[in-house]
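> Below are the structure tokens for one structure; questions will follow.
The values are calculated or read from the model by the stated rules, or taken from the named source; none is laboratory data. Quick caveat: nothing in here was measured; it's all calculated off a predicted structure. Cβ atoms come from the backbone with ideal geometry, glycine included; neighbour counts cover every protein chain shown.
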Amino acid sequence: MCFKRSLILKTQGEIMFENKKKLKYILVDLKTRGAILFLLTALVLSGAAGCSLFNGKTTGPEEDPAVVEETETPKEEEISGDLITTITLWDCLDPRERMALMESRDSFVSSFRDINIETRHFRSQEELQDQFEAASLAGAGPEIILLDLDGVQRLAPSNVTKEIVDEVDYALILEGLREISSYNNKNYIVPFRSYDFLTFYYNKDFVENPPSDFEEVLEYAQNIAGSGDFEEGTYGFILNESEADWIIPFIGGYNGWIIDYSTNSLTLDSQATQSTLEFLDHAYTQSLILEAGMEYGEINELFKNGSAHMIIDYYTAAEEYIEAGVNIGLSEIPRVWGGTRYPTPMISGLGFMINTNTYGVELEAVRDFIDFMLTEEIQLAWNGSTSTLPVLESIDESGEMAKNIILKAAYEQAKICRGKPYEQILMVIRNAISDNVDSLLAGDILPADAALKIQEDAIRLRSGTLPLEKSSEPEQEIQ
């Protein structure tokens with residue numbers, strides 16, 4: 001998909017980036033012109049000597065036509081091969097993202113004529129990580145890799161990647177992505193794109209404005225159920241309570257979370273978890289406002305045909321709903337029931353890691369490439385050609401982002417997401433939450449007891465003393 005470039009306000013970082021690029025070319029240009037002048041001087045002296053020997057004459061430099069021609073009509077010099085720095089990048093991207101990467105790479109090397117980037121594509125992140133780790137430990141491998149942010153937990157312990165110190169200002173990056181960029185309180189990856197998070201959908205044919213909190217959500221759902229104006233099987237709101245990923249955001253909304261990122265310790269036995277379970281107990285068991293037991297696919301179809309007016313789903317589902325003819329609106333998931341904070345869905349992303357064996361001019365080339373990929377121009381270009389979103393906190397201030405209402409709303413949600421823990425620990429969290437929510441809604445356990453048991457079960461699952469009984473993956477992932 002072609003991206004139409006538009007004029008946007010330059011940030012201070014972009015101005016510094018352009019000045020750095022101009023300075024580099026001034027130095028390269030001076031080096032190249034110096035070499036040319038040296039050769040011309042040698043030719044002039046050689047010509048003068050020849051004339052003296054055979055003709056008895058000398059010709060001054062001011063009369064040399066070659067020098068006059070070079071001064072009057074300078075030509076663009078090609079950079080010598082020995083002045084070009086070549087770096088290698090490995091990736092495991094999906095086709096759309098892979099194509100966008102190649103376009104960005106070509107744009108970069110056309111701007112930085114002294115840098116060349118070779119690429120290699122892997123079919124899976126696991127394959128990339130295995131080969132990169134082996135190569136780096138042997139003192140080789142690519143200078144840079146592009147992969148999912150959970151690669152930090154796999155590669156950083158092996159000491160095969162550099163700590164990120166000066167490559168990026170993390171204060172400019174989405175908070176949720178900052179949380180999963182480190183290992184042992186040191187950063188090892190530069191976030192590049194964000195994706196894989198839930199947001200709130202509403203059908204604008206029925207709901208003019210999104211509700212501000214879950215009191216309004218439940219009130220609307222209750223009114224639809226009792227109005228008699230809709231066919232049987234019409235729902236004001238459906239929550240996919242059978243999947244833990246739809247429950248976890250509410251724990252954040254009640255000012256808690258599922259993990260301590262600095263230690264990777266579980267933090268599920270909290271008042272926030274108990275409050276989340278009390279909300280579910282109220283909505284499903286006590287007030288009977290919401291209906292339990294629906295799977296993702298069923299909820300998806302109900303929203304498509306207008307039988308569900310509001311749902312929570314991944315932002316990447318927007319394209320599917322639009323194609324189905326749904327007049328969708330997106331917003332942040334409304335504030336939690338009985339509270340003042342917004343739920344915090346989990347978010348993941350793509351990022352760059354640097355080989356620990358990268359030094360000197362290759363390291364400078366890698367830094368130039370990362371700077372280039374984090375400019376607003378590239379961040380916006382990827383919006384139109386991929387299913388990913390920017391990582392910069394201020395990107396939506398540009399006119400291009402504001403024009404796309406759906407994209408802007410999704411990015412507002414991304415700003416209040418929390419980092420998605422790495423898969424091994426998330427698997428046990430999902431399983432512990434799902435099992436105990438089932439027990440809660442069945443009336444077999446109270447919210448306070450369920451919160452404690454979720455923590456205990458997760459610890460046992462993590463240690464291997466309790467077997468996993470359910471699939472740990474939600475049905476819907478990034479498309």
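> How many of the residues making up the range 174-199 are aliphatic (A, V, I, L, M) and in contact with a Gly (Cβ under 7 Å, 6 or more places away or on another chain)?
Of the residues in the range 174-199, the ones aliphatic (A, V, I, L, M) are 174, 177, 180, 189-190, 198.
Filter once more, keeping what is in contact with a Gly (Cβ under 7 Å, 6 or more places away or on another chain): 177, 180, 189-190.
Summing the residues that are aliphatic (A, V, I, L, M) and in contact with a Gly (Cβ under 7 Å, 6 or more places away or on another chain) in the range 174-199 gives 4.
> Would you kindly identify the helices (runs of 4 or more DSSP H) lying entirely within the range 348-433 that contain at least 1 residues that are closer than 26 Å to Ser331 by Cβ? Give the steps one after another, and end with the answer.
Numbers: elements: 360-373, 376-385, 399-403, 405-414.
Result: 376-385, 399-403, 405-414.
> Considering only residues that are of a type in the set (Val, Ile, Thr) and either closer than 19 Å to Pro210 by Cα or buried (at least 17 other Cβ atoms within 10 Å of the Cβ) (or both), which ones fall in the range 281-319? Spell out how you get there, then give the answer.
In the first step, residues of the range 281-319 are kept if they are of a type in the set (Val, Ile, Thr); the result is 285, 289, 299, 311-312, 316.
Across the range 281-319, the qualifying residues are Ile289, Ile299, Ile311, Ile312, Thr316.
> Can you go through Tyr195, Tyr188, Tyr183, Tyr261 and tell me which one is surrounded by fewer than 19 Cβ atoms within 10 Å (Cβ to Cβ), in contact (Cβ under 8 Å) with a residue 24 or more places away in the chain and under 30 Å from Val165 (Cα atoms)?
Every option except Tyr261 fails the conditions.
> Here's a follow-up. Just the residues that are touching a residue at least 60 places away in the same chain (Cβ under 8 Å) and in contact with a Leu (Cβ under 9 Å, 6 or more places away or on another chain), please, taken from the range 387-396.
Thr388, Leu389, Pro390, Val391, Leu392, Glu393, Ser394
> With the range 203-296 as the region, which helices (runs of 4 or more DSSP H) entirely inside it contain at least 2 residues that are in contact with a strand residue (DSSP E or B) (Cβ under 8 Å, 6 or more places away or on another chain) and among the aromatic types (Phe, Trp, Tyr)?
The qualifying helices (runs of 4 or more DSSP H) are 214-227.
> Then there is this: Taking the range 132-173 only, how many residues are farther than 21 Å from Tyr359 by Cβ and not in a loop (DSSP other than H, G, I, E, B)? Please lay out each step first, then the result.
Step one: filter the range 132-173 for residues farther than 21 Å from Tyr359 by Cβ, giving 147-154, 157, 169-173.
Retained after the next criterion (residues that are not in a loop (DSSP other than H, G, I, E, B)): 147-148, 151-154, 157, 170-173.
Summing the residues that are farther than 21 Å from Tyr359 by Cβ and not in a loop (DSSP other than H, G, I, E, B) in the range 132-173 gives 11.
Quick grid of which residues meet (1) at pLDDT below 95; (2) of a type outside the set (Phe, Trp, Tyr); (3) more than 29 Å from the chain's Cα centre (by Cα):
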site	(1), (2), (3)
Asn187	no, yes, no
Ser194	no, yes, no
Asn203	no, yes, no
Glu215	no, yes, yes
Glu231	yes, yes, yes
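> Let me ask something else. Checking Thr356 against (1) surrounded by fewer than 19 Cβ atoms within 10 Å (Cβ to Cβ); (2) β-branched (Val, Ile, Thr); (3) within 29 Å of Asp213 (Cβ to Cβ), which single condition isn't satisfied?
So Thr356 meets the others, but not (3).
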